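The values are calculated or read from the model by the stated rules, or taken from the named source; none is laboratory data. Since the model is a prediction, treat every value here as computed from it, not as a measurement. Because the Cβ atoms are built from the backbone with ideal geometry, glycine has one as well, and the counts that use them run over all protein chains shown.
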Amino acid sequence: MGAAYSELRPLGRELAIWEIHLRSTGKSPHTVKSYLHGVRALAAWLTDEDLPLDPDQITTSQLREFRPTCSCRRIRAVPASAPAPCAPATTR
């Protein structure tokens, strides 16, 4: 944890808490890694687009716009309609 989260303020603290929660509820390490990767990818995209990182300010339309730009969809050509998580290790 630590340094990686500090770059994602205001999400950093929430990500750290969420990671602890995921691990404490028995999620597999791969699931935790996948979930966190997806949120970090979203945060990076929001930052690149000069959009707010505050979860209360993120809109559904912004999430829809992000989804097709997700790197796992570009690399693996997963259709935007597929409910795939954004993680390089995920296979179908």
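Among the aliphatic types (A, V, I, L, M), modelled with pLDDT under 90 and touching a Cys at 6+ places or on another chain (Cβ under 6 Å): is that true of ALA41 in this structure?
It is true that ALA41 is among the aliphatic types (A, V, I, L, M), modelled with pLDDT under 90 and touching a Cys at 6+ places or on another chain (Cβ under 6 Å).
Of the residues examined, GLU49 is one that is modelled with pLDDT of 85 or more and surrounded by fewer than 17 Cβ atoms within 10 Å (Cβ to Cβ). The set of residues in the stretch 45-58 being more than 16 Å from ARG13 (Cα to Cα) and either within 9 Å of the chain's Cα centre (by Cα) or of a type in the set (D, E, K, R) (or both) consists of ASP48, GLU49, ASP50.
Restricted to the stretch 52-80, and to residues that are part of a loop (DSSP other than H, G, I, E, B) and modelled with pLDDT of 55 or more, which residue is nearest to SER28 (Cα to Cα)?
Looking only at the stretch 52-80, we keep the residues that are part of a loop (DSSP other than H, G, I, E, B), and these are 52-54, 58-59, 70, 77-80.
Pick out the ones that are also modelled with pLDDT of 55 or more and you get 52-54, 58-59, 70.
Details: PRO52: 30, LEU53: 27, ASP54: 27, ILE58: 28, THR59: 29, CYS70: 23 Å.
The selected residue is CYS70.
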